[in-house]
Amino acid sequence: MLASREEGGRLLGSALLGFMGSGAAVLAVPGGGAPAVREVARILRAPPGVVVARNIAAPRNQEAALCAVAQEGRVKADRTLLEELHIGGENLQGQAEAQKQRKRRSLLKYRG
């Protein structure tokens with residue numbers, strides 16, 4: 001077990017030293033990834049960044065994602081799951097718009 005996310009970032013950064021100077025960027029996913037990413041970026045001397053995506057959960061199962069709203073606003077749906085649950089795309093439009101708004105707020109928070 002690691003003592004902290006920072007420690008995890010240092011270990012990961014050390015394992016990725018081969019990427020130093022390659023022009024790679026180090027991206028965090030909000031929800032705990034930022035401390036590790038700061039360490040990886042510091043070790044690799046690479047720019048840190050953040051990627052914000054949101055999901056639209058299945059009814060009665062918040063762990064099953066029906067769709068993902070990408071950072072640029074594109075919505076990618078799990079067509080098979082939508083068909084199995086008999087959910088039409090029109091039912092998701094309002095939820096997709098709400099997630100796009102949440103994503104925009106998150107980007108402002110993390111990027112300033």
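Mind telling me which of the residues ALA65, ALA58 ends up being in the same structural domain as GLY88 (by TED's automatic domain parsing), over 16 Å from GLU6 (Cα atoms), free of Cβ contacts under 8 Å to residues at least 24 places away in the same chain and surrounded by 16 or more Cβ atoms within 10 Å (Cβ to Cβ)?
After applying the criteria, what remains is ALA65.
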Any pair with Cβ under 6 angstrom, 6 or more apart, that starts in the range 17-43 at a residue that is of a type in the set (D, E, K, R) and ends at one that is at pLDDT 90 or above and surrounded by 20 or more Cβ atoms within 10 Å (Cβ to Cβ)
GLU39/GLY9; GLU39/GLY13
Out of (1) surrounded by fewer than 16 Cβ atoms within 10 Å (Cβ to Cβ); (2) in the same structural domain as ARG104 (by TED's automatic domain parsing), the odd one out for SER22 is which?
(2)
Would you mind finding the one in ARG54, ARG10, ARG60 that is over 16 Å from the mean Cα position of the chain (by Cα) and modelled with pLDDT under 90?
ARG60
In the range 14-43, residue farthest from the chain's Cα centre (by Cα) [restricted to those that are within 26 Å of GLU72 (Cα to Cα) and part of a loop (DSSP other than H, G, I, E, B)]:
SER22
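Hey, any hits in the range 70-89 for a residue that's hydroxyl-bearing (Ser, Thr, Tyr), within 15 Å of VAL50 (Cα to Cα) and in a helix (DSSP H, G or I)? Give the steps one after another, and end with the answer.
Kept after step one, since they are hydroxyl-bearing (Ser, Thr, Tyr), are these residues of the range 70-89: 80.
Filter once more, keeping what is within 15 Å of VAL50 (Cα to Cα): none.
Checked the range 70-89: no residue is hydroxyl-bearing (Ser, Thr, Tyr), within 15 Å of VAL50 (Cα to Cα) and in a helix (DSSP H, G or I).
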Being over 15 Å from the mean Cα position of the chain (by Cα), surrounded by 13 or more Cβ atoms within 10 Å (Cβ to Cβ) and not assigned by TED's automatic domain parsing to the domain that holds LEU107 narrows ALA46, ALA77 down to just ALA46
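The values are calculated or read from the model by the stated rules, or taken from the named source; none is laboratory data. From a predicted model like this one, the values you see are computed outputs, not experimental measurements. In this analysis, Cβ positions are derived from the backbone assuming ideal geometry, glycine residues included, and neighbour counts consider all displayed protein chains.
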